[in-house]
Amino acid sequence: MRIWFNRTFSTIGAVFRQLKAGYPNDEVAIVCTHTHRTATAFLAADEAFLEPPELHGLDYIVWCLDFCREHRIDVFWPGKEAALASKNREQFEAAGVSLMAAADHDTLMLLNNKAHFYQDLPKDIALTMDFIAVNDAEAFDKAVEALSSTHKHVCVKPAVSVYGLGFRILDRDRDSIVHLLKGVEYQIPLQELRDGMRHTPHFDTLLVMEHLGGPEWSVDCAARHGELLCAVQRKKSPLAGHGQSIDNDPDIAGMTERLIRHYRLNGLINIQYKEGESGPRLLEINPRPSGGFGMACLAGANLAKIALEGFKSGTPAIPPLRYGLKISEINTPVVLLDETSVA
């Protein structure tokens, strides 16, 4: 089986290694493409090719279809333009290619915008933090006032973001020079943020939210069109350098199963939670493998193989998970490319 992973996050190499471990007799060939020849994912792939960096949208989908035909791809596991690939699923299937998309087009677009996603989410499926979406300074001030009346700390984050980019806790007491000199991270002076808004009368949607101050969970899932096959909860230590632990929180487990079913999620999914004053709350659904995917598999489940076996309509074996493990990962130095050997 030839599986193609197009451009995606660099941590996809952990998925490649799990697939190779799960199929040691070369039943699976991993084809990887990227726009950079030094992509770290190339190191774990069986075949590596460069993508044209200038292509986007439907032009990129046409290129993907041609690539599948030329390289005899059986399964396309999309990263870049995943939503558009899902929208054009029939074209891939007509070419004999199975599409391992995390969800349908509309769901993927919904998950990409947290304001829309939070507003769409039924409360009997999962609970989020209190939030207000704003697009201008006046709405921002009203949101801060409203949320501050019931929550000790308030934070902000762009509605469209990855890796927690743009997340800041609002600081009412200190200014930016104190933040700079003291090395304060993930906070922003409230008054300076307000001052900045004077020059931007309208901005992309910003979420003003209650700050969840408790522990965080990252849940790596293997799913089959709404059926949760296996989920591994990684509970993160609030202290740097103290690793993570394999957990089994029942509230997290219940929300995870309902979310997978409600949004008919498929393949490898990551769901993030954080504990607040009233218990765990949903942060986001990432329709892709997480950066800590390799750590999750230390619990004893090869999530990549489970997802692929389920996708092939098989009955994947789900081993018992090793709860209570303390886990982490280490960096490994590698050579990406030897310039002296390149013609």
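Does the range 118-142 hold any residues that are among the small types (Gly, Ala, Ser), touching a residue at least 40 places away in the same chain (Cβ under 8 Å) and assigned to a helix (DSSP H, G or I), and which are they?
Here is the first cut: in the range 118-142, the ones among the small types (Gly, Ala, Ser) are 126, 133, 137, 139.
Still in the list and also touching a residue at least 40 places away in the same chain (Cβ under 8 Å): 126, 133, 137.
Matches in the range 118-142: ALA137 only.
Within the bounds of the range 254-274, is there any residue that is among the charged types (D, E, K, R) and within 21 Å of PRO215 (Cα to Cα)?
There is at least one residue in the range 254-274 that is among the charged types (D, E, K, R) and within 21 Å of PRO215 (Cα to Cα).
I need the full set of residues from the range 5-41 which are among the charged types (D, E, K, R) and either surrounded by 21 or more Cβ atoms within 10 Å (Cβ to Cβ) or touching a residue at least 40 places away in the same chain (Cβ under 8 Å) (or both), in order please.
ARG7, ARG17, ARG37
Could you tell me which of the residues ASP175, ASP171 is open to solvent by less than 30 Å² (accessible area, probe 1.4 Å), without any contact (Cβ under 8 Å) to a residue 60 or more places away in the chain and among the charged types (D, E, K, R)?
Testing whether each residue is open to solvent by less than 30 Å² (accessible area, probe 1.4 Å), without any contact (Cβ under 8 Å) to a residue 60 or more places away in the chain and among the charged types (D, E, K, R) leaves just ASP171.
At least 3 residues that are open to solvent by 40 Å² or more (accessible area, probe 1.4 Å), at pLDDT below 95 and of a type in the set (Gly, Ala, Ser) in each: list the strands (runs of 3 or more DSSP E) lying fully within the range 182-270 that qualify. Please lay out each step first, then the result.
On the way: elements: 187-189, 206-210, 216-224, 227-236, 244-247.
Filter on the range 182-270 gives an empty set.
Can you tell me which residue in the range 280-298 is least open to solvent (accessible area, probe 1.4 Å), limited to those that are part of a loop (DSSP other than H, G, I, E, B) and not polar (S, T, N, Q)?
This residue is GLY292.
Does GLU339 satisfy the criteria of being out of contact with any Pro (no Cβ under 7 Å at 6 or more places or on another chain), farther than 26 Å from ASP120 by Cβ, at pLDDT below 95 and of a type in the set (Asp, Glu)? Show your work before the answer.
Numbers: out of contact with any Pro (no Cβ under 7 Å at 6 or more places or on another chain): yes; farther than 26 Å from ASP120 by Cβ: yes; at pLDDT below 95: yes; of a type in the set (Asp, Glu): yes.
So GLU339 passes the test.
Got a number for residues in the range 150-168 being over 30 Å from MET109 (Cα atoms) and open to solvent by less than 70 Å² (accessible area, probe 1.4 Å)?
Matching residues across the range 150-168 total 1.
Only one of LEU108, LEU121, LEU84, LEU99 is within 22 Å of the chain's Cα centre (by Cα), under 30 Å from LEU193 (Cβ atoms) and surrounded by 18 or more Cβ atoms within 10 Å (Cβ to Cβ). Can you tell me which?
The unique qualifying residue is LEU121.
The values are calculated or read from the model by the stated rules, or taken from the named source; none is laboratory data. Computed from a prediction, not measured in an experiment: that's the story for all the values here. Heads up, the Cβs are rebuilt from the backbone with ideal geometry, glycines too, and the neighbour counts pull from every protein chain shown. These accessible areas exclude ligands, DNA and RNA; they are computed on the full protein's heavy atoms, side chains included. Shrake-Rupley method; radii C 1.70, N 1.55, O 1.52, S 1.80 Å.
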